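Asks: The structure that follows is given in the form of structure tokens.
The values are calculated or read from the model by the stated rules, or taken from the named source; none is laboratory data. No experiment lies behind these values; they were computed from the predicted model shown. Cβ atoms come from the backbone with ideal geometry, glycine included; neighbour counts cover every protein chain shown.
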Amino acid sequence: MDRLRNFLIFNALLTVLALAPSLPAAALQADTQAERIEWVINTAPPFHIVSGPLAGFGICDVLIDIIDESLPDLESNKTILPQTRITQQFDRNYNQCFPCMIHRPASSSAIYTNPTHFYYPHGIITTAEHAKTITTAYGNPVNLSALILDANFQLGYPAGRRYPSLQHIIDGSADTDITRVVHTGENATVAILAMIKSGRIDYTIEYQILNNFDKSSSTEPSLEFIPIAETEGSFVLGAIGCTNNEWGQNMVRKMNTVLPEVRQHPRFLEILDLWFRDTPDSEPYRELLRNRVWQSNH
């Protein structure tokens, strides 16, 4: 019996010794990640532009660059993922930060920086022909609650796309006979516009900046943007979102310390001017940015 006990103890010691070299390595890896921003981005222009002549000129491409420059003590890693995967990883507590999120109270999966900039509200993007028919029937700004129930017009949007101020309207049509097309995979945002142009769907719900991107990058006839009545006059605050754990909370604290300078950085302002050049308000975007973001108490 003593021999068996000694044998078991000996084997246990061998196991501990075999694992011992890996323990410092694991600890070192954790320490390294604690001092590295794990950025995740998707292929959704003009938030992120990963290819073509405008590569790197997305709003949040530039935001990432300036954050990285402003926090030189932190390493930085960037991974391109589909939006559905990014959402899953937040839910599974992966250490990550997504730079183009909507500012809101912290959730169980994500915590947010102070606002970085703002967006004009979502609208309808469709063809010129459909725009005339839609505005004649549902007004301009368009009554989305009525349009979405019209079986003559099919809505399409990327998988994982959410519209906080309008989601209740979209979800309210889920139990009807109205069909919706949800596009999965990378480049889904641009693919949705291509589906509108080819007649496979009739419209999508998006920010005006996507229509601006399409005008800048496409040789096909331009699509049209129609404001939505339910969100007219409102605006959406943007923010960086990180996983709501100790790592993410630390990253958000560090980013918030440099945000006052980052959001007024000349390069960031230039990229905002580029994509928000078609303003629906009477005041220039930068003046509204000052009032809505820089001087806000969010």
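Asks: May I ask you to verify whether Thr135 is within 24 Å of Gly233 (Cβ to Cβ), assigned by TED's automatic domain parsing to the domain that holds Leu210 and surrounded by fewer than 19 Cβ atoms within 10 Å (Cβ to Cβ)? Steps first, please.
Replies: Numbers: within 24 Å of Gly233 (Cβ to Cβ): yes; assigned by TED's automatic domain parsing to the domain that holds Leu210: yes; surrounded by fewer than 19 Cβ atoms within 10 Å (Cβ to Cβ): yes.
In short, yes.
Asks: Can you tell me which residue within the range 228-282, out of those that are under 18 Å from Asn93 (Cα atoms) and of a type in the set (A, V, I, L, M), is surrounded by the most Cβ atoms within 10 Å (Cβ to Cβ)?
Replies: Taking the candidates together, the pick is Ile240.
Asks: For the range 71-124, give me the residue count where each residue is touching a Leu at 6+ places or on another chain (Cβ under 7 Å) and in a loop (DSSP other than H, G, I, E, B).
Replies: Qualifying residue count, the range 71-124: 6.
Asks: Is there a residue being surrounded by fewer than 20 Cβ atoms within 10 Å (Cβ to Cβ), in contact with a Ser or Thr (Cβ under 7 Å, 6 or more places away or on another chain), at pLDDT below 95 and not assigned by TED's automatic domain parsing to the domain that holds Cys100 anywhere in the range 144-156? If you could, list the steps in order and put the result at the bottom.
Replies: So in the range 144-156, the residues surrounded by fewer than 20 Cβ atoms within 10 Å (Cβ to Cβ) come out as 145-146, 149-154.
Going one step further and asking which of them are in contact with a Ser or Thr (Cβ under 7 Å, 6 or more places away or on another chain), we end up with 149, 154.
Add one more test, that the residue is at pLDDT below 95, and what stays is 149, 154.
Right, trim to not assigned by TED's automatic domain parsing to the domain that holds Cys100 and you get 149, 154.
Checked the range 144-156: at least one residue is surrounded by fewer than 20 Cβ atoms within 10 Å (Cβ to Cβ), in contact with a Ser or Thr (Cβ under 7 Å, 6 or more places away or on another chain), at pLDDT below 95 and not assigned by TED's automatic domain parsing to the domain that holds Cys100.
Asks: Got a sec? Which helices (runs of 4 or more DSSP H) wholly within the range 196-291 have at least 3 residues that are closer than 30 Å to Val182 by Cα?
Replies: Because the criterion is at least 3 residues that are closer than 30 Å to Val182 by Cα, the helices (runs of 4 or more DSSP H) in the range 196-291 that meet it are 208-217, 266-275.
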